[in-house]
Amino acid sequence: MSFGARVAAGIAGIRFRGIVPLVLLTTLILAVGAYTAARQDAFLTSYNLRNLLLATMPLAFVSLGQTSALLVGGFDVSVGPLMTFCVVLASYTMTPTTSTLGLIPGALALVGVGLGVGLFNAMLVRVFRLPSIIATIGTTAILTGASFWLRDHPSGAISSNAIDELTTSWSFVPIAFIGVIALALIGDVWLYRTRSGMALRAVGLDETSSRRIGIRTDWVVILAFVACSVLASIGGFYLAAEVQIGNPIQGNESLESIAAAVLGGASLAGGRGSFFGALLAALFLTEIDNVLPLFHQPTEYAEMTIGVLILVALVLYEAPELLERLRSSRLSVGRLRTRQGDAPAG
């Protein structure tokens, strides 16, 4: 099949594959919320809903970044340690004694780290031609070691002024959450309605053919990994606002970001994904973490749920392609039998 035909076939499947994750995740979010609200009055309180949305912010940003890496057929498992390093660094650059104006260069330092890590990962992938998962595992080790070098135990308070700015809310809805919704929607419009967005998906679909038609594939991949790390560093701001201290020991944001991107409709093979879908998935995964304590259930159930959902999503989202392959195999077998039946007896 030619590259143009593959692109056309991919576009034809976008409507189905793109809408299924959004509908599924919206249904799950509402269903879990309704079930919990009917049994736990605390769920719908402004305090809990605000905490739920604020807790979604770190995973939302890093999932948007992970989606950009997956779109070009890559992985970035260093985003979690990068967020942790940003939290630790914030305990030095955004301290309680830092002035309001002094918080600006402190914040820029965190974004600068994200930019540098993104360029470093991109260099490993494009210049040294390392598989992205291997390259970012190496970066993970460097960032983890650097975090423990700066803070060998949780210490160093983070500026309350910075935390207040990051968590400013209108009613129970954080202003930043409205912003990340807008960012995800704009990202999807760009991804599916612009030439540069199509180039990003084309590189993930078939890099060799994309290069032949004039797409600068190296630059596309570099920008995807830089965007991934920068968005992860921004997620680090909200992780810092959550823990409020320079803690070198954090959670599992790397795998959770991949889970959210996949649940949101991203293909592990590249070429397909949705920023808004990743945001919905981040909200749903955070909702699970929020709901389990209300029912006095172990938080380990959340990790098990995430694993099951990834497997279900992979099967469900790839169902059209799997059915098409099965249909093609049956047709091929039928043609072979027909030719054998028509062959003259020896």
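Taking first residues from segment 295-309 that are assigned to a loop (DSSP other than H, G, I, E, B) and partners that are of a type in the set (A, V, I, L, M), the Cβ contacts under 7 Å between residues at least 6 apart in sequence or on separate chains come to Thr299/Leu292. Number of residues in segment 62-106 that are of a type in the set (Phe, Trp, Tyr) and out of contact with any helix residue (DSSP H, G or I) (no Cβ under 6 Å at 6 or more places or on another chain): the value is 1.
Considering segment 268-280, the residues that are under 15 Å from Ser63 (Cβ atoms) and open to solvent by 10 Å² or more (accessible area, probe 1.4 Å) include one that is nearest to the chain's Cα centre (by Cα), namely Phe275. From the set of residues in segment 197-244 that are part of a helix (DSSP H, G or I) and out of contact with any helix residue (DSSP H, G or I) (no Cβ under 7 Å at 6 or more places or on another chain), which is surrounded by the fewest Cβ atoms within 10 Å (Cβ to Cβ)? That would be Thr208.
State which residue is farthest from Leu279 (Cα to Cα) when the search covers only segment 245-257 and only residues that are open to solvent by less than 60 Å² (accessible area, probe 1.4 Å), in a helix (DSSP H, G or I) and not acidic (Asp, Glu). The extreme case among them is Ser254.
Remark: pairs (first residue in segment 182-207, free of Cβ contacts under 8 Å to residues at least 12 places away in the same chain; second residue surrounded by fewer than 16 Cβ atoms within 10 Å (Cβ to Cβ); Cβ separation under 6 Å; 6+ apart in sequence or on different chains) = Gly197/Trp190. The set of residues in segment 148-178 that are touching a strand residue (DSSP E or B) at 6+ places or on another chain (Cβ under 7 Å) and open to solvent by 80 Å² or more (accessible area, probe 1.4 Å) contains only Ile175. Pairs are defined by a Cβ separation below 7 Å, a sequence spacing of at least 6 or placement on different chains, a first member in segment 113-134 that is open to solvent by less than 40 Å² (accessible area, probe 1.4 Å), and a second member that is among the aromatic types (Phe, Trp, Tyr); the pairs so defined are Val113/Phe85; Gly118/Phe225; Asn121/Phe225; Ala122/Phe225; Val125/Phe225; Ser132/Phe75. Considering only residues of segment 16-34 that are closer than 27 Å to Glu207 by Cα and either in contact with a Gly (Cβ under 7 Å, 6 or more places away or on another chain) or modelled with pLDDT under 55 (or both), which is surrounded by the fewest Cβ atoms within 10 Å (Cβ to Cβ)? Among those that are closer than 27 Å to Glu207 by Cα and either in contact with a Gly (Cβ under 7 Å, 6 or more places away or on another chain) or modelled with pLDDT under 55 (or both), it is Gly18.
The values are calculated or read from the model by the stated rules, or taken from the named source; none is laboratory data. Because the structure is predicted, anything quoted here is derived from the model rather than measured. Cβ sites come from the backbone with ideal geometry, for glycine too, and all protein chains shown count toward neighbours. Calculation scope for accessible area: heavy atoms of the full protein, side chains included, ligands and nucleic acids excluded. Shrake-Rupley method; radii C 1.70, N 1.55, O 1.52, S 1.80 Å.
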